[in-house]
Amino acid sequence: MRLQPARVEAFLDRPDPAVGLVLLFGPDAGLVAERAARLGRTVVPDLADPFRVSELEADRLRTEPQRLALEAQALCLLGGRRLVRVRGADDGIAKAVDLLLGLERIEALVVIEAGDLGPGSKLRQIAEKAPSAAAIGCWPEGEHERARTIRTLLAEHGLEAEPEALAFLVEQQGADRAVLRAELEKLALYLGPEGGRTVRLADAAAVVGDGAALALDDVVLAALLGDRARLERDLLRLLALGETPVRILRVATATLLRLLRLRAEVERGTTLDAALAGARPPIHFRVKERFATALTRWPEERLLAELARLVEAETALKSTGRPDLLVLRRTFASLADRAPASKRSTA
């Protein structure tokens, strides 16, 4: 069965006893792994227990598809339900899953971790149609969902964030749950047991923001400053971090909107340094100089024109069927080609 998003959290806490196999898939590898561990602990408290936990390699199941059913039916001599885990799965293990779901009863809980399986995936279709299986998609979270996740993860460390700090964390963090958890653990260590239980904006800015969020800044600023070589290099790095073309375009849109707001402040008489210093969330020190350069080079009318092009590009991603990466690369290359080459007046 395909599990709807509204049912996922309750299922992860208390899986349906009639479900013997759970397929976790999607582009957020960190969330896939986190949910797999969470499901596993509902069966076996210690995921390293050699008697009740069995890990199978996907490559082996491609050549020995019957192995999954055999492992899932084995009983633990010491008692208790067993857990069978399969990582790195794809359609190559579809036959193994088909054989398993053909059994009248599945003794163990089988948890399969896969990547981003499309609707046409045979493995995904088998899991979604079988009443004794559950398929759970693990997608990158939106801002509201990410804010809720950050509050939950901070609470695990006995922390809570001030509104400005929470907004900063939401903006800085990328798509991968594992990266998010690691950054918040780093923040908890920074504050220490005596550091106070409230995360302030200065705390978050001092520790967080050197991962996917800075890679996003690097790509957008490279385009705005016309640096084609750096743009291509940083774009490849960003895609390797798991960011999607739509997310990258939306961050570019947000950056141009931010430049427009700061430029309006400067034109009202605020100094450039004061406008940058008062930006909320704060501009990270590593990109602050390049951000200032972009602000001085791009006049309002040209920023507005580029905003319209970014909106058109996002629409193209959703409606034309053209390859996402092709649309993204062409959009950013064109933005870089149109970048003003010389410093302009801020007045």
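The values are calculated or read from the model by the stated rules, or taken from the named source; none is laboratory data. Everything numeric here is computed off the predicted structure, so don't read it as measured data. Because the Cβ atoms are built from the backbone with ideal geometry, glycine has one as well, and the counts that use them run over all protein chains shown.
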Return the residues of segment 295-336 that are β-branched (V, I, T) and assigned to a helix (DSSP H, G or I); say none if nothing qualifies.
T296, V311, T315, V327, T331
Does segment 19-47 hold any residues that are under 18 Å from A74 (Cβ atoms) and either small (G, A, S) or in contact (Cβ under 8 Å) with a residue 40 or more places away in the chain (or both), and which are they?
G20, L21, G40, V43
Restricting attention to helices (runs of 4 or more DSSP H) lying wholly within segment 180-279, give those where 1 or more residues are closer than 21 Å to L304 by Cβ.
212-224, 245-267, 272-277
Within segment 130-147, track down each residue that is farther than 17 Å from R7 by Cβ and assigned to a helix (DSSP H, G or I).
E143, H144, R146, A147
D210: passes all of (1) surrounded by 14 or more Cβ atoms within 10 Å (Cβ to Cβ); (2) at pLDDT below 80 but (1)
Which condition number does R7 fail, the rest of (1) among the basic types (K, R); (2) surrounded by 18 or more Cβ atoms within 10 Å (Cβ to Cβ); (3) farther than 30 Å from A240 by Cβ being met?
(2)
If you go through segment 52-107, how many residues are surrounded by 15 or more Cβ atoms within 10 Å (Cβ to Cβ), over 19 Å from A18 (Cβ atoms) and of a type in the set (D, E)?
3
Which is modelled with pLDDT under 90, surrounded by fewer than 19 Cβ atoms within 10 Å (Cβ to Cβ), closer than 18 Å to D337 by Cβ and not hydroxyl-bearing (S, T, Y), of R237, R233, R247?
R233
Does any residue of segment 105-113 turn out to be touching a residue at least 40 places away in the same chain (Cβ under 8 Å) and in a helix (DSSP H, G or I)?
no
Yes/no for L256 being among the aliphatic types (A, V, I, L, M) and touching a residue at least 24 places away in the same chain (Cβ under 8 Å)
yes
Could you please let me know if A292 is assigned to a helix (DSSP H, G or I) and surrounded by fewer than 14 Cβ atoms within 10 Å (Cβ to Cβ)?
no
Looking at segment 111-147, which of the residues that are of a type in the set (D, E, K, R), buried (at least 19 other Cβ atoms within 10 Å of the Cβ) and under 20 Å from the mean Cα position of the chain (by Cα) is modelled with the lowest pLDDT?
E141
